Amino acid sequence: MRLSAIPEGAAIALDAIRANKLRSGLTILGIVIGVSTVMAMASIVQGIRGQIFETLEIVGPTTFRVLRFFSTTPLNPDALPREVRIRPVLSPEDAEAMQDLPEINYSAIWVGLFERLAYDRTRTQLLVVYGADPRFMEVLGGDIIEGRTFTPTEARAGTPVVVLEREAADRLFGRENSMGKVIRVGGRPFRIVGIYREPDNIFQPPGQDIAAIVPFRAAERNFRYDETNSLVILVKPRTGISVDVAMDAATLELRRIRKLKPGDPNTFDMITSDQILGLFNRLTGVFFLVMIVLSSVALMVGGIGVMAIMMVSVTQRTREIGVRKAMGATRREILWQFLVEAATLTLLGGALGITLGLGAGEVLKNVMGFTTGVPIWSAVTATAVSIAIGLIFGLLPASRASKLDPVEALRYE
């Protein structure tokens, strides 16, 4: 088994591919589909993961959330389980009580809404509108590029003012100055006091961009919302205070407010950024596993195709094999030659799949606004898998070729 046989075997494989373009193309099609699918899925997972990481960095790794009830899927507000119904709804007073704790730097109740924005005859699709506090940029990041945020007085009074996100302002007003104008948020009039720009790496699903921020009291007064799924209290510890210490202090305060006795279960849930990331990893892990299984089917089909074409190749080149053996080629050298041919065939399919995967990754990056592309590890893995398929599925044809009797092979017509 000589390394010098690798270029020779690769050259023979390429000659065979050129001589039988259609057959070879159909043979490696499964490899191309499988590899490109793996890379495209890796790109999606990596891109979303990168955006999640960046968003958690903006919110802060120490920020934790207080929820009425934590569920991985939204609960039906019209059919809540009893264990949820018996829990009190989160209130601004809960957030204010935690804000007064020496361990807490920031605590505010938010509500997430889906509403349409309208001005004159222009109307948007359903967009995310948050009811929050004046310090919302401490959580979301970004900055005010025009005007101001709402004041604490406006927040307490529930004044119908709105800080509009820049892209939403462009949709409604174009080049027209929007400051001081009155728009309709879910059919209610709100006066624009500022224009807000999101950070470039904030993660939002397509079609669910943050459109506007209004005072929580104004949202509470003007809109109907789901008290279980839409309300959240965002909490940040003071500098130097660990998340665990801050969560313990917040837990004790909420239990005191709700008059819970020792031994009574909590009537609220808390979740940290690490828990959110862990949940995301589990969900994407299952998703990626399913895609790997589907891709493996395509790779298996491609491998079977490679084995079939190599068996045909052995049959067609029986006389050539006999000549090589008569000239002194060993069984191991014949085996190695055909394994190299099979690996070259699948490697070519893997290279085409990698090219398609890279292209798909770039398209997804642009369409979904990802800041990361196709991970390098997926290309390396795809290359290794392609070669492995060639070696595994080429083993039977190569073994058959190596076992041919040279006398019988020379008589073959």
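A few points about this structure:
- Ordering Lys261, Lys236, Lys403, Lys181 by the number of other Cβ atoms within 10 Å of each residue's own Cβ, fewest first, gives Lys261, Lys403, Lys181, Lys236.
- Remark: spin-label model distance Ala118-Val301 equals 5.0 nm, labels positioned 7 Å along the Cα→Cβ axis.
- Taking the square roots of 5 times each eigenvalue of the Cα gyration tensor of the stretch 69-267, largest first, gives ellipsoid semi-axes of 32, 20, 15 Å.
- Förster radius 30 Å - calculated FRET efficiency between Leu395 and Asp15, Cβ distance, rounded to 0.05: 0.85
- Spin-label model, Arg255 to Arg221: label points 7 Å out along the Cα-to-beta-carbon direction sit 3.7 nm apart.
- Pair Asp170, Thr72: separation of 7 Å Cα→Cβ label points (nm): 3.8 nm
- Computed extension gain for Arg135 through Glu320, at 0.36 nm per residue and net of the alpha carbon distance, reaches 58.6 nm.
Read the figures in this text as sums done on the coordinates, not as results from a lab. Note that the structure is predicted; figures quoted are calculated from it, not measured. FYI the Cβ positions are ideal-geometry reconstructions off the backbone, even for glycines, and counts take in every protein chain you see.
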